[in-house]
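Structure first, commentary second.
The values are calculated or read from the model by the stated rules, or taken from the named source; none is laboratory data. Not measured: the values here are computed from a predicted model. Cβ sites come from the backbone with ideal geometry, for glycine too, and all protein chains shown count toward neighbours. Protein only, heavy atoms only, side chains kept; ligands, DNA and RNA dropped before computing areas. Shrake-Rupley method; radii C 1.70, N 1.55, O 1.52, S 1.80 Å.
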Amino acid sequence: MRRNYVLRRNLTAYLFLAPALFFFGTFLVWPGISLLVQTFQTGGVMSPAVFVGTRNWERTFADPLVLKTIWNTVRYCLMAIPAVFVVAMLFALALNAVSVGQTAFKTIIYYPTLQPILVAALMFTFVLHQDFGVLNVLMRAVIGEPVNFLGNEVLAMPTIAMVEVWKGMGFWTLLFLAGIQSLPRDLYHAAELDGAGPWQRFFQLTLPLLKPTFFFSAIFATIVNLQVFDSIFILTDGGPFHSTASTTWYIYRSLFTFNEPGYGATLSFVLVLVVLALTALQSYAFRERA
């Protein structure tokens, strides 16, 4: 009797899980297996797939551009994520202190997030272009010559990171604001009675209490930004001299420009491994500080 009850309970549980497991297997597990198989082949899109063993992997480890694109992608994340978090936190603190018109300010701040990345990149093109960009019109008036933001090896990547800061600050602002407004007010009242100032309350209460929010934000932002492609493709197309070439840009080039799906699949698998490694590193770092 007991055994029949356990079997019925487990069967019921698996029936409820079946739709999720089906989609998980269809859209994640099976594509992952297919991608891994593709790394040992060449062709398979415009021509029949041919097994080539570990040739794609050997080429990946010998290709200096692979390491460069990985470093460019990580460098982009190190620029964009801290910057957008700082800006978003400042806006969140400012909005939290506003009692009148908060909804209107939220709408204004969130508006850039609603723009497609294509629109955002084109907008920044008209702002930063060396010849006709609005910002360079002002630079000519101030310093007498334009600044080649997108054609300079030093400035190109920070400029692209600025696009992410502009586009992503609305989402992170509302997320941080929701986290701040969910914190217990009694702690802040007690801290004020003890004589803690705004800076003390922020560093000793707000930041520690928002650690779960920061943990989710850091993981999510890292996964998303490691896949940066659109803004790089539109603004610089990986230049100048591959200084802004990301891993996804190289995957795109391998697949659609060089017609090498096997090599592109290998690069995709490398990117997956990088994402997993950085996610695990962040999880370990937050757990150690908890």
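Worth a mention:
For (1) modelled with pLDDT of 90 or more; (2) closer than 30 Å to Thr206 by Cβ; (3) surrounded by 17 or more Cβ atoms within 10 Å (Cβ to Cβ), each residue gets a yes or a no:
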| residue | (1), (2), (3) |
| --- | --- |
| Arg3 | no, no, no |
| Val6 | no, no, no |
| Phe23 | yes, no, no |
| Gly32 | no, no, no |
| Gln41 | no, no, yes |
| Pro48 | no, no, no |
| Leu67 | yes, no, no |
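- Residue in segment 187-197 that is among the charged types (D, E, K, R), in a helix (DSSP H, G or I) and modelled with pLDDT of 85 or more present: no
- Qualifying residue in segment 70-80 (condition: touching a helix residue (DSSP H, G or I) at 6+ places or on another chain (Cβ under 9 Å), open to solvent by 60 Å² or more (accessible area, probe 1.4 Å) and not aliphatic (A, V, I, L, M)): no
- Selected residue (criterion: surrounded by the most Cβ atoms within 10 Å (Cβ to Cβ)) from residues of segment 222-235 that are of a type outside the set (Val, Ile, Thr) and not in a helix (DSSP H, G or I): Leu226
- Residue count for segment 153-180, restricted to those that are of a type in the set (A, V, I, L, M, F, W, C) and more than 15 Å from the chain's Cα centre (by Cα): 9
- Single residue of segment 236-256 satisfying the filter (among the hydrophobic types (A, V, I, L, M, F, W, C) and either modelled with pLDDT under 90 or part of a loop (DSSP other than H, G, I, E, B) (or both)) that is surrounded by the fewest Cβ atoms within 10 Å (Cβ to Cβ): Phe241
- Residue within segment 150-163 that is without any contact (Cβ under 8 Å) to a residue 60 or more places away in the chain, in contact with a helix residue (DSSP H, G or I) (Cβ under 9 Å, 6 or more places away or on another chain) and open to solvent by less than 40 Å² (accessible area, probe 1.4 Å) present: no
- If you check Leu155, Leu150 for being in contact with a His (Cβ under 8 Å, 6 or more places away or on another chain) and closer than 20 Å to Gln130 by Cβ, only one passes: Leu150.
So that you can scan it fast, the table gives a plain yes or no per residue for (1) of a type in the set (A, V, I, L, M); (2) in contact with an Asp or Glu (Cβ under 7 Å, 6 or more places away or on another chain); (3) farther than 22 Å from Asn259 by Cβ:
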| residue | (1), (2), (3) |
| --- | --- |
| Arg8 | no, no, yes |
| Leu11 | yes, no, yes |
| Leu15 | yes, no, yes |
| Gly25 | no, no, yes |
| Leu35 | yes, no, no |
| Gly44 | no, no, no |
| Val50 | yes, no, no |
| Asn56 | no, no, no |
| Asp63 | no, no, no |
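- Taken over segment 208-221, the residue count meeting the criterion of being in a helix (DSSP H, G or I), open to solvent by less than 50 Å² (accessible area, probe 1.4 Å) and of a type in the set (A, V, I, L, M, F, W, C) is 4.
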